[in-house]
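Enquirer: Structure provided below as structure tokens; questions to follow.
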Amino acid sequence: MNWGWTIMTTAISIINALGDIKDEYIVHAMNPNRRRTVSIRRVLIAAIIVILAVVCATSIYSSKTFRYGIKTATDDPVESALNYLESLADEDYVSTIEVYGGMIYDQRTAEALEYWDNVASERDWNEDNFVVVYTEYYVEYIHDMVPYDDGYTARTFWMEYDEVTNAWYYYDGGSTAYQGIFEPNGHSHWTKDDVAAYNAATAYLEENFADVELCGYKLDHSKTVAVIEDYPELAEERDWRWTQWTTYDYTFYIVYAEYCANDEYSALWLWMEKDEDTGEWSCYKADTGMEFEYVYVDRGAQPEQDERALEAALEAIEALAEDEDIESVEIYGSKVDSDQTRLVLIDDSNPIAEERDWSQSGKTFYVIYVEYNIKYSDGSGEDVIASIWMERDTETDEWSCYSMTDITATKSRFLYKLV
């Protein structure tokens with residue numbers, strides 16, 4: 001039910017009814033010994049309007065219909081975000097705006113749900129009704145009205161889905177690093193080091209990946225920061241820096257690329273570093289088999305080995321119920337854990353990956369994240385979060401479980417279990 005509309009129509013009916021009551025009757029009812037000196041009817045109507053306005057505003061906000069971009073919302077989150085940007089052309093403070101494109105940013109979506117879990121919980125967000133959309137556009141402003149800078153701009157939109165209207169609405173968002181995914185000319189606003197790192201990566205790819213189909217590549221700011229934070233000792237040893245928002249001091253970059261070899265689509269990270277003595281950029285190392293983000297390749301083109309690995313992992317969980325001490329197993333949810341897959345493969349202290357010839361690019365290894373409930377024959381039970389290492393036999397093309405580890409104690413919350 002639309003309570004805002006119901007309350008408003010009721011208010012109009014009350015006001016119309018009040019209009020039919022003569023002032024002298026209202027005055028007499030309130031004070032029969034006093035003559036009418038003011039229009040009590042008007043006072044009552046004004047009071048009712050104020051009260052109902054507050055009630056309507058509260059009702060609308062609490063029912064989540066109070067959002068940005070209501071006029072531009074559609075059943076597609078990317079389209080809704082781009083429509084909102086295009087609608088800015090009608091604003092008085094915008095001189096011109098050209099929208100280049102947008103995409104669902106899976107990594108930022110997962111980060112938002114994890115790190116802003118208080119907001120996610122309050123607004124009932126999950127992987128089905130919340131996404132972060134990355135957009136690129138060029139804009140020029142009327143500088144007498146706003147202090148914003150002109151130029152190539154990137155912005156993320158936090159989009160939430162409303163089941164009542166079957167549309168995606170813009171909840172929040174902000175500026176982010178421009179990656180030049182949809183408009184290569186956007187590189188013209190890069191710093192000198194941006195261009196130098198990109199050109200050095202281009203030369204490396206052309207030299208070392210000449211025999212494969214290069215689908216596309218980009219400077220990846222978020223991964224650059226993540227690597228520096230994840231490897232502080234190495235970053236300090238090699239003096240890697242990336243401080244975009246302060247001094248624009250760059251000595252390190254991650255370049256993300258997607259390519260196709262032997263009909264298999266893969267992704268890689270180039271770790272680009274700057275020699276401050278010469279000012280030259282070079283590739284420190286290339287990580288193949290990284291998480292595939294589908295930036296330059298349609299999702300339908302990617303092989304389905306990840307889905308087969310996930311299915312085999314779930315079969316391994318369900319097989320636990322065959323134990324005579326276990327009564328039943330209920331799976332809450334699961335996913336391919338690309339981040340953990342990468343970390344296992346790049347862990348130099350772990351020789352297992354090399355010994356067993358595991359590779360993410362070759363689709364021979366995945367880490368699967370599973371949440372499930374297990375009930376034992378004695379009536380007891382527990383909720384479990386498991387990390388399952390799955391490996392593929394390249395001769396039979398079959399997936400099997402290498403190891404299954406209970407990681408419940410290392411997690412602060414469940415992703416799929418309904419509380």
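Enquirer: So which of Y259, Y253, Y265 is touching a residue at least 40 places away in the same chain (Cβ under 8 Å), open to solvent by less than 10 Å² (accessible area, probe 1.4 Å) and of a type in the set (F, W, Y)?
Expert: Values: Y259 fails: open to solvent by less than 10 Å² (accessible area, probe 1.4 Å); Y265 fails: open to solvent by less than 10 Å² (accessible area, probe 1.4 Å).
None of the other options fit; the residue is Y253.
Enquirer: Are any residues in segment 85-114 of a type in the set (S, T, Y) and more than 18 Å from the chain's Cα centre (by Cα), and if so, which ones?
Expert: Within segment 85-114, S87, Y93, S95, T96, Y100 meet the criteria.
Enquirer: Considering segment 199-246 alone, what residues qualify as being modelled with pLDDT of 85 or more, hydroxyl-bearing (S, T, Y) and open to solvent by less than 40 Å² (accessible area, probe 1.4 Å)?
Expert: Selection gives T202, T224.
Enquirer: May I pose another question? If you check every pair at least six apart or on different chains, which have Cβ atoms under 8 Å apart with a residue in segment 329-354 that is over 19 Å from D128 (Cα atoms) first and a residue that is open to solvent by 70 Å² or more (accessible area, probe 1.4 Å) and outside any strand (DSSP E or B) second?
Expert: Correct list of pairs: V329/E318.
Enquirer: Here is a list of conditions, (1) open to solvent by 70 Å² or more (accessible area, probe 1.4 Å); (2) under 24 Å from the mean Cα position of the chain (by Cα); (3) under 22 Å from D323 (Cα atoms), and D378 meets all of them except one; can you say which number that is?
Expert: So D378 meets the others, but not (2).
For every residue, the table says whether it meets (1) closer than 20 Å to Y217 by Cα; (2) at pLDDT below 80; (3) open to solvent by less than 30 Å² (accessible area, probe 1.4 Å); (4) not acidic (D, E).
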position	(1), (2), (3), (4)
C283	yes, no, no, yes
D287	yes, no, yes, no
D323	no, no, no, no
D337	no, no, yes, no
Q340	no, no, no, yes
W358	no, no, yes, yes
T364	no, no, yes, yes
I374	no, no, yes, yes
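Enquirer: Then there is this: List, please: which pairs have Cβ atoms under 8 Å, are six or more places apart or on different chains, and start with a residue in segment 401-415 that is over 18 Å from E318 (Cβ atoms) and at pLDDT 85 or above and end with one that is among the charged types (D, E, K, R) and open to solvent by less than 70 Å² (accessible area, probe 1.4 Å)?
Expert: T408/D383
Enquirer: If you don't mind, there's one more thing I want to ask. Say we look at segment 407-419 and pick out the residues that are more than 18 Å from S328 (Cβ to Cβ) and surrounded by 11 or more Cβ atoms within 10 Å (Cβ to Cβ); which of these is nearest to the chain's Cα centre (by Cα)?
Expert: L415
Enquirer: Kindly check whether there is at least one residue in segment 393-400 that is open to solvent by 30 Å² or more (accessible area, probe 1.4 Å) and hydrophobic (A, V, I, L, M, F, W, C).
Expert: Scanning segment 393-400 turns up no residue that is open to solvent by 30 Å² or more (accessible area, probe 1.4 Å) and hydrophobic (A, V, I, L, M, F, W, C).
The values are calculated or read from the model by the stated rules, or taken from the named source; none is laboratory data. Predicted model, so just to flag it, every value in this text is computed and none were measured. Counting neighbours? That spans all protein chains shown, and the Cβs are built from the backbone with ideal geometry, glycine included. What goes into the accessible areas is simple: the full protein's heavy atoms, side chains included, and nothing from ligands, DNA or RNA. Shrake-Rupley method; radii C 1.70, N 1.55, O 1.52, S 1.80 Å.
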